[in-house]
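Below: one structure, written as structure tokens.
What follows is calculated from the coordinates using simple rules that are stated; it is not laboratory data. Since the structure is predicted, the reported quantities are computational estimates derived from the model, not experimental observations. No Cβ is skipped: glycine too gets one built from the backbone with ideal geometry, and neighbour counts run over all protein chains shown.
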Amino acid sequence: MSDLNTQHLAFKQQLFDHKLLFGSGVNGIVGRSSKIVELVAALHGMVDKESVKDGAQKVAFPPVVPRELLRTVGYMNNFPQLSGSIHSFSGDDRQHLALQETVKNGEDWSPHLSQTDVTLTPASCYPLYPTLAGNLPEGGALFDLNCYCFRHEPSNDPARLMSFEIRENVRAGSPEEVQKWRHSWLDRGHNLLESLGLSVVLDTASDPFFGRGGRMMKASQKELELKFELLVDIWGKDNPTACASFNYHQDHFSHLFGIHLADGADAHTACLGFGIDRLVIALLKTHGFDMNAWPASVREKLAL
Ligand code: AMP
Ligand code: ZN
């Protein structure tokens with residue numbers, strides 16, 4: 001077993017032993033104690049203060065999206081390995097008996113189900129784009145979203161979950177407006193995480209596009225600097241963890257959903273995402289389990 005895996009397992013066990021998180025028996029699905037609920041609220045409060053300065057408009061979607069949205073954005077081409085389809089039973093009494101038999105035998109029950117119209121939300125920003133179809137107001141628009149997202153990447157790492165919150169801001173506007181906004185957030189985000197006493201570096205990054213075709217997508221995303229990440233040292237300098245991402249989509253979503261500027265030209269979009277659950281783990285690993293004993297500057301920043 002690798003050192004890193006041993007570290008992950010040991011720290012996760014400590015979190016459970018201290019009753020900060022509750023295990024579910026499945027990797028990547030954890031419950032939060034009241035202390036962690038409080039810390040999550042504090043992290044959102046900290047982001048609130050920043051987003052409000054920009055006049056971001058809050059929008060809240062549930063953790064499921066229409067299945068057709070994933071088809072439109074090409075999710076099954078790019079990230080099928082992370083997807084979370086939702087299936088349900090729509091058979092008759094005879095088929096129900098067969099289903100129950102399968103369940104009782106401990107077998108895979110999926111052959112008895114059929115696909116529903118919804119899937120689990122993979123990123124907080126996805127459900128927003130279709131709602132922006134049409135002309136944006138002069139100066140574009142800025143939104144603030146938060147959602148539990150699902151990605152099928154079970155892991156022993158307590159900072160890599162299958163169900164976790166991504167606090168996002170989405171900017172839509174002219175290429176200049178959108179690039180300027182993303183650029184300014186690279187520094188703001190960096191400062192924000194550093195003010196939490198975390199060891200942070202900024203780097204270009206790529207999304208985990210699937211398969212051989214995905215390799216080219218990853219390379220071009222990096223080369224064009226379409227994705228930056230703030231990497232935090234949770235498990236040692238050689239294994240930094242992305243705790244925030246800053247993505248420039250150019251006109252990708254605008255083409256798919258018909259998003260235009262006030263003058264009718266194609267809009268551009270960008271989003272940023274804070275991995276709330278990762279920040280929780282980074283803070284606990286860096287400053288210890290007793291939040292009352294955290295450095296005063298960190299407690300102040302989080303208004304704890
Ligand atoms: P992404 O859309 O991949 O850029 O993800 C946005 C942010 O969500 C990342 O910067 C991470 O902080 C966080 N994140 C991504 N995947 C996971 C995961 N499996 N568990 C916890 N947080 C995650
Ligand atoms: Zn996004």
Exercise for the section: Can you run the Rg to Rh ratio on region 169-302? Use alpha carbon positions and the Kirkwood inverse-distance Rh. Expected result: 1.05
Fill in the blank from the handout: Relative contact order as a percentage, the chain, C-alpha pairs under 8 Å and 6+ apart, gives 20
Exercise for the section: Could you let me know the centre-to-centre spacing of region 140-200 and region 1-32, using Cα atoms, in angstrom? Expected result: 24
Completion exercise
Spelling it out for PHE22: with amide H atoms placed in the peptide plane at 1.01 Å from N, the residues 5 or more places away or on another chain with amide H under 5 Å from its amide H are GLY31, ARG32, SER33
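Need one number: the % of Cα-Cα pairs in the chain sitting beyond the 34 Å mark. All intermediate terms of the calculation are to be shown ahead of the outcome.
Values: 12336 of 46056 pairs.
Considering the chain, 27 percent of its Cα-Cα pairs are separated by more than 34 Å.
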Fill in the blank from the handout: Along region 74-82, Karplus-curve 3J(HN,Hα) (6.51, -1.76, 1.60; θ = phi - 60°) to the nearest Hz, with x for Gly and Pro, reads x, 4, 6, 6, 8, 9, x, 5, 9
Problem - Within a Gaussian network of the chain (alpha carbon springs, distance under 10 Å), most fluctuating of LYS58, LYS180, LYS104 - result: LYS104
Exercise for the section: Name the residues whose placed amide hydrogens come within less than 5 Å of the amide hydrogen of CYS149, ignoring near sequence neighbours (fewer than 5 apart) on the same chain. Expected result: PHE164, GLU165, ILE166
Exercise for the section: Kindly provide log₁₀ I(q)/I(0) values, in the same order as q = 0.11, 0.22 Å⁻¹, from the Debye equation applied to equal alpha-carbon scatterers of region 199-270. Expected result: -0.38, -0.98
Exercise for the section: Pop a pseudo-label 7 angstrom from the Cα along the beta-carbon direction at both ALA98 and LYS237 and give the gap in nm to one decimal. Expected result: 6.1
Exercise for the section: May I ask for the distance between the Cα centers of region 226-304 and region 86-106, given as a whole number of Å? Expected result: 42
Exercise for the section: Compute the Kirkwood hydrodynamic radius of region 122-232, taking the inverse of the mean of 1/r over all pairs of distinct Cα atoms, and give it in Å to one decimal. Expected result: 16.3
Practice task
Under 18 Å Cα to Cα from LYS19, which aspartates and glutamates show up? Leave out anything in the same chain fewer than 8 places away.
Solution key: GLU38, ASP157, ASP277, ASP290
Exercise for the section: May I ask you to list the lysines whose Cα is less than 20 Å away from that of LYS58, ignoring any residue fewer than eight positions away on the same chain? Expected result: LYS49
Handout entry: All Cα pairs of region 50-130, percent lying beyond 19 Å
Key = 54
Completion exercise
Taking 188-197, 2-11, 60-69 and ranking on average Cβ neighbours within 10 Å, highest first, one gets 188-197, 60-69, 2-11
